[in-house]
Amino acid sequence: MGCCCEHQTWELLEPTLAQYIPAAVNIKDEQVQGYLIPILQKAQELYGYLPNDLLAHIAKRTGVKPAKVMGVVTFYTQFRTKPVGKHLILLCQGTACHVNGAADIEEAVRAHLGVEEDEISPDGLFTYSNVACLGCCSLAPAMMIGEQTYGNLTKASAVKILQEIAMKEEAAK
């Protein structure tokens, strides 16, 4: 993952920008806007999050107004403007999860990690965020960590999952 700072050149993103931004002078604004989401997805994949100076670079290179770029970033929950831990935990707060104890799961995760929402755990491994819905209501309460979905959670099972991930990380060192 690249370093995000004011002197960053963002060169890792250049092949993606070249792929999506034709060299033609008369490109239509809506064509570039159609490419904005894949550009932002790749930028986040490369740098871990989307800091303001990277968003300004993308706006400048694509010709899309900075406010429109920020509007896309803030509209879609997949985009992050702050760094996160190695494992991003998405805690579902949808109706099914809520009525089945999502608040208890959040309390257990927060207490175990020693952080508030969107903070990085002291070991750098985890960040948790509440999301409106994961789309797996039959598993309520549920959370996702990376690509893995965990359902029918209890306070104890949620903490056990986090402990197992942390143990795997420690063993990999």
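No value in this document is a laboratory result; all are computed from the given coordinates. The structure displayed is predicted, hence computed values, not measured ones. Neighbour counts are summed over all protein chains in view; Cβ atoms, including those assigned to glycine, are modelled from backbone coordinates with ideal geometry.
Observations, loosely collected:
- At least 18 Å along the helix axis (C-alpha) and Kyte average at least -1.0, DSSP helices within the chain: 29-47, 155-172
- Computed [θ] at 222 nm, helices only, for the chain once each DSSP H run of length n ≥ 4 contributes -39500 (n - 2.57): -14500 deg cm²/dmol
- Straight-line reach from K68: taking Cα to Cα under 17 Å and skipping same-chain neighbours fewer than 8 places apart, the lysines in range are K28, K60.
- Residue among V99, V115, V84 with the largest mean-square fluctuation in a Gaussian network model of the chain, springs linking Cα atoms under 10 Å: V99
- For R80, the shell of other residues with beta-carbons less than 12 Å away shows a net charge of -1, using +1 for Lys and Arg and -1 for Asp and Glu.
- Remark: the stretch 87-172 projects, on average over all directions, an area of 4.9 nm² (convex hull of Cα atoms).
- I37, I145 arranged by Cβ crowding within 10 Å, fewest neighbours leading: I37, I145
- Relative contact order (%) - the stretch 105-153, alpha-carbon pairs under 8 angstrom, separation at least six: 22
- Electrostatic tally near A166: other residues with Cβ closer than 15 Å to its Cβ, Lys and Arg +1, Asp and Glu -1, net 0.
- Here the chain yields Rg over Rh of 1.05, to two decimals, using C-alpha coordinates and the Kirkwood radius.
- Scanning residues 5 or more positions from F126 or on other chains, those with amide H under 5 Å from its amide H are K86, H87, S121, with H placed 1.01 Å from N in the peptide plane.
- Per-pair calculated FRET efficiency, R0 = 35 Å: K68 and E169 via Cβ, rounded to 0.05: 0.35
- Partners for K65 among aspartates and glutamates (Cα-Cα distance below 15 Å; same-chain residues under 8 apart left out): D29, E30, D53
- Hz values of 3J(HN,Hα) by residue in the stretch 89-96 - Karplus curve (6.51, -1.76, 1.60), Gly and Pro given as x: 9, 9, 9, 6, 10, x, 4, 4
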